[in-house]
Structures are given as structure tokens and as C-alpha cells.
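Here is the structure we will look at.
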Amino acid sequence: MKGKSIVMLAVALGCGLVAMIGVQQVLSGDKKEEAKKTMPVLVALEEISPGIEIEDSMVTFKEMPMDMMPTDAVTSADQYVNRGLRSRAFPGTPIVQAMLGEEGVFSASNEIPIGMRVAAISVTAKTAVAGFVNPHDRVDIQVTYKRRIDGKTLERTKTVLEYIEVFAVDKQRDMVDNESESIYKNISVLVTPEQVNLLRLAEKKGDLNFSLRHKDDDTQEQVADIDDEDFDAKMRALFGEDDIAPENADYVNPELSSEEQDIRNSINEEIVEEPVTEPIPTWTIVIYHDGEKTVEDVPLSDPNAIDNIDVEPTQPQGIEPEPSAT
């Protein structure tokens, strides 16, 4: 009896092991079948710029495993017909629905929000944060200009606008290749109509600069302006009065030779601006005496004085009129 129980137990264990192996094989087979399932995904055959209509020659459908394809991939032709891209696509890039623009819309102007304007600003490598500014980034815009106060010309830097969205860099509406050696020439920003006027006036007054900020940092700092006097005061506060050279004194750098110091001081020498004097209005008087004619310009202390004179011209007695030319 005992032997039969052992045999039956062994048989039961064997059957259970076989069943377990079978279940594992079935499950593994299902997973392999699922992994083998594919779907057609739209892929770019060439570099496609944003804002142009997608043509059949630019794209193709490639089979892609379902567990590897993007969740919002374009899987049928009717999803991209009569549409363009919002961002640039490169060869081999799967195109997803978020990259597609609205149907029938191919101009960049359709991407401008209602009530907003796009203003372009000329830039250099320095003013454009060394080329790190890209479309959809957020920037602050500063202007540095000259201002005359109490007879002195001071340079002042002021933050004109804060947390402004970059609409485009040159003509690119998507990420710019920062590896490129050439720097872009224009940055276009999204602003209100009032801000457009402010930017245009700031451009006329001085030099505009950009400072890059985090996209989620929308705090309006309202940074105070700073000019030459403020800068000198801050330097004194940081380094002490003794480290600030008196006005009109040459700065001495102990690490420079006397010759190098002279060159530096000559470069940093301030240009004294000559005061601008307005021309004094004059009144031209013609005097005839003993047959001679004398013309004199008499300065007017009051420029409006001549307008207040209401006298009929008369011929002075004893003075012969000037003969007319024949």
C-alpha cells in the first residue's frame, strides 16, 4: 500500500511538472506572437522643413513592432494629407501626430496666437547668448543706452521685457543646430502690439541683449536699472573704497608692466564729449554810409523779438537807396 502511494505521488508530480512546462510554453508563445505584431508607421525619407505640405515622395510607411512604435504615430495616409509639419523631420524619423500642423495650414503666420505679434530683432553671437537661444525658449530683453543727467553722459542698462517666448530663429521654427559654426542673424519673439512699439524704440535708443531663462520660470523680477554711477557704487561696496581709483585716475594693475599699463590706460581713457551749443539766431542789417555798404549780423537775445516788431519799412533820411542791378 505504501509502495502504491509513492508511485501515485510520483505520477502526480510528473503530471504537474509537465502541465507547468506546457503552460509556460503557451505563454511564451503568446508573448512572441505579440512581439511579432507590427503596424505601418509613417517615416520621413528626407529632411522635411516645417510649414510645407507633406508630399508622398517625402515619406513612406514602414512596419514597426507594436511594442516599439510611438503611441501617437501616424499610421494611415489620411492622417497627413493636406498637412505640414510643426517641427523639422530628418530621414528615418517616425512622424507622430503632434508634429503635424492643422489641415490646410502651411504658413508660419497661422502659428501666431490671436492678439499677438511677431517682432524680429537683429542679433550677434554675444547678444544671442552665444547661439543657445532656440524657438519656444523664454528670454528677457535688455537695452543699454546713453543718458545725459546733470551735464554728464551715463550709460544705463534696463530690462525692457521679461519672460518673452521666442517664435523663430532666422526662419527656423524648431530646434537650432548649436553645433553649427555660423551664428543666426535674427531672433523673432512673440509680443503684444504695445510691446512691439517698446522694442522698436529701445532699438533706436541703444543695443538690445537677450538673457536665457528656464521655460517654467515665469516670475516677473522687475530688475532695477543700473548706470555707471550705480556700477561704481556696487564695486565700492564689494571691494571697498581703497580699491576704487579716484575719478580721472589711471587704474594700476600690478601684474602688468609699465608699458602694458600705459597701453591699457590709453585704451580705457574716457572720451570727453564737447558740450553741444545751439546756434544763436542773428538779424542781418545792411548799413549804407558815404556810398559804402556794410552788412552785419547782429545776435538776437530773444529769437522771438523779430516777430514782435510791427514797423513799416521806411527810407532813412540822408541815405541814398542802393542802386538796383541792371
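We did not get these values from a lab; they are worked out from the coordinates using the rules stated. Just so it is clear, the structure is predicted and the values come from calculations on it, not from any experiment. Methodologically, a virtual Cβ is constructed for each residue, glycine included, from the backbone with ideal geometry; neighbour enumeration extends over all protein chains shown.
All other residues with a Cβ under 14 Å from the Cβ of residue 205 taken together, and with Lys, Arg as +1 and Asp, Glu as -1, what is their net charge?
Here the count lands on +2.
Express the Stokes-Einstein translational diffusion coefficient of segment 116-243 in µm² s⁻¹, to the nearest whole number, given a Kirkwood radius over alpha-carbon pairs, 20 °C and a viscosity of 1.002 mPa s.
Using the Kirkwood radius from Cα pairs, D works out to 134 µm²/s.
Which ordering of 49, 76 is given by a fewest-first count of other beta-carbon atoms within 10 Å?
Final ranking by Cβ density, sparse to dense: 76, 49.
When 42, 212 are ordered from fewest to most other Cβ atoms inside 10 Å of their Cβ, what list results?
If I rank by nearby Cβ atoms, fewest first, I get 212, 42.
Arrange 123, 189 by Cβ neighbour counts within 10 Å, fewest through most, would you?
Ordered by Cβ neighbours within 10 Å, fewest first: 123, 189.
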